Amino acid sequence: MKKYQPTDATTNPSLILQAASMPQYQHLIKKAIEFGKQNGNTVLEKLDATMDKLVVLFGIEILKIIPGRVSTEVDAKLSFNKEASIAKAKKLIKMYEEEGISKDRILIKLASTWEGIQAAKILEQDHGIHCNLTLLFSFYQAVACAEAGVTLISPFVGRILDWYVANTDQKKFEPLEDPGVQSVTKIYSYYKKFGYKTVVMGASFRNIGEVKALCGCDFLTISPKLLDELENSNEPVYEHLTENSARKSD
């Protein structure tokens, strides 16, 4: 992460699991376990507290490197429970604040289910907690997020491509014809045309062609592997998305 000096960063369970196996982070594991032992009556409560503390501790480590915000995910099991999602988000923010981190540096990552979007609306409006809506695969989810006034959305590119490859006869797509790229382009254009403030952050990329095809998008979240490929690529990169062209779109 230090190599590419990103502005913002995100975490997800698979990344946390991978990092947790590295020797340099064992002190964080121990701290999280001690916290869990002291904050729960049952084994499940202790495990839950341990995992919450662990993601917060990793978030703090990331914030030492980046100038912007880190996204911290609410447990996906709560994706269809609005009240539980709100409670978990508030708990995570409190844990960050107890470590001296302002909530303004945190994005709470929620699934873009109806319940998740409604939870984000309440968190944004009533508690000043910024949200990142993920697992977003459709234009209609994006519209609902914008209407709810969420800070940022993470529409998936690669997973949409995966579906088309698995369920249609076409197995290869040029970057600008990639259905995931076209989905994010449509969302970006709609937001800019109608003046929504929600940030569009393309996510879940399968190749650097998709990344380049969305050059100009508000934000892009790119894996270290693809960042390496971009660094070693000599092909030109053109800006495909602009606010001016979006406002003129149909």
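The values are calculated or read from the model by the stated rules, or taken from the named source; none is laboratory data. All values derive from a computational prediction rather than experimental measurement. All Cβ positions, even for glycine, are placed from backbone atoms using ideal geometry, and neighbour counts span all protein chains on display.
Overview of results
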item: Residues of the range 203-232 classified as under 17 Å from Ser249 (Cβ atoms) and among the small types (Gly, Ala, Ser), total; result: 2
item: Test: residue in the range 167-174 that is farther than 30 Å from Ile106 by Cβ, part of a helix (DSSP H, G or I) and over 23 Å from the mean Cα position of the chain (by Cα); result: yes
item: The range 186-225, subset assigned to a helix (DSSP H, G or I), in contact (Cβ under 8 Å) with a residue 24 or more places away in the chain and among the aliphatic types (A, V, I, L, M), residue nearest to Phe139 (Cα to Cα); result: Ile187
item: Complete set of residues in the range 85-137 that are within 27 Å of Ile187 (Cα to Cα), of a type in the set (Ser, Thr, Tyr) and not in a helix (DSSP H, G or I); result: Ser112, Thr113, Thr134
item: The range 27-47 residues that are touching a residue at least 60 places away in the same chain (Cβ under 8 Å), paired with ones that are assigned to a helix (DSSP H, G or I) (beta carbon under 8 Å, 6 or more apart); result: none
item: Pairs where the first residue, in the range 3-17, is surrounded by 10 or more Cβ atoms within 10 Å (Cβ to Cβ) and the second is modelled with pLDDT under 85, C-beta under 8 Å, 6+ apart; result: Ala9/Met1
item: Residues of the range 41-77 that turn out to be more than 18 Å from Leu15 (Cα to Cα) and in contact with a Ser or Thr (Cβ under 7 Å, 6 or more places away or on another chain), as a count; result: 2
item: Complete set of residues in the range 9-42 that are part of a loop (DSSP other than H, G, I, E, B) and either within 18 Å of Met95 (Cα to Cα) or under 22 Å from the mean Cα position of the chain (by Cα) (or both); result: Thr11, Asn12, Asn39, Gly40
item: Residue list for the range 138-166, restricted to those being of a type outside the set (A, V, I, L, M), in a loop (DSSP other than H, G, I, E, B) and buried (at least 17 other Cβ atoms within 10 Å of the Cβ); result: Thr151
item: Residue check for Leu230: outside any loop (DSSP other than H, G, I, E, B), surrounded by 14 or more Cβ atoms within 10 Å (Cβ to Cβ), touching a helix residue (DSSP H, G or I) at 6+ places or on another chain (Cβ under 9 Å) and touching a residue at least 60 places away in the same chain (Cβ under 8 Å); result: no
item: Some residue of the range 174-194 being surrounded by fewer than 18 Cβ atoms within 10 Å (Cβ to Cβ) and of a type in the set (Gly, Ala, Ser); result: no
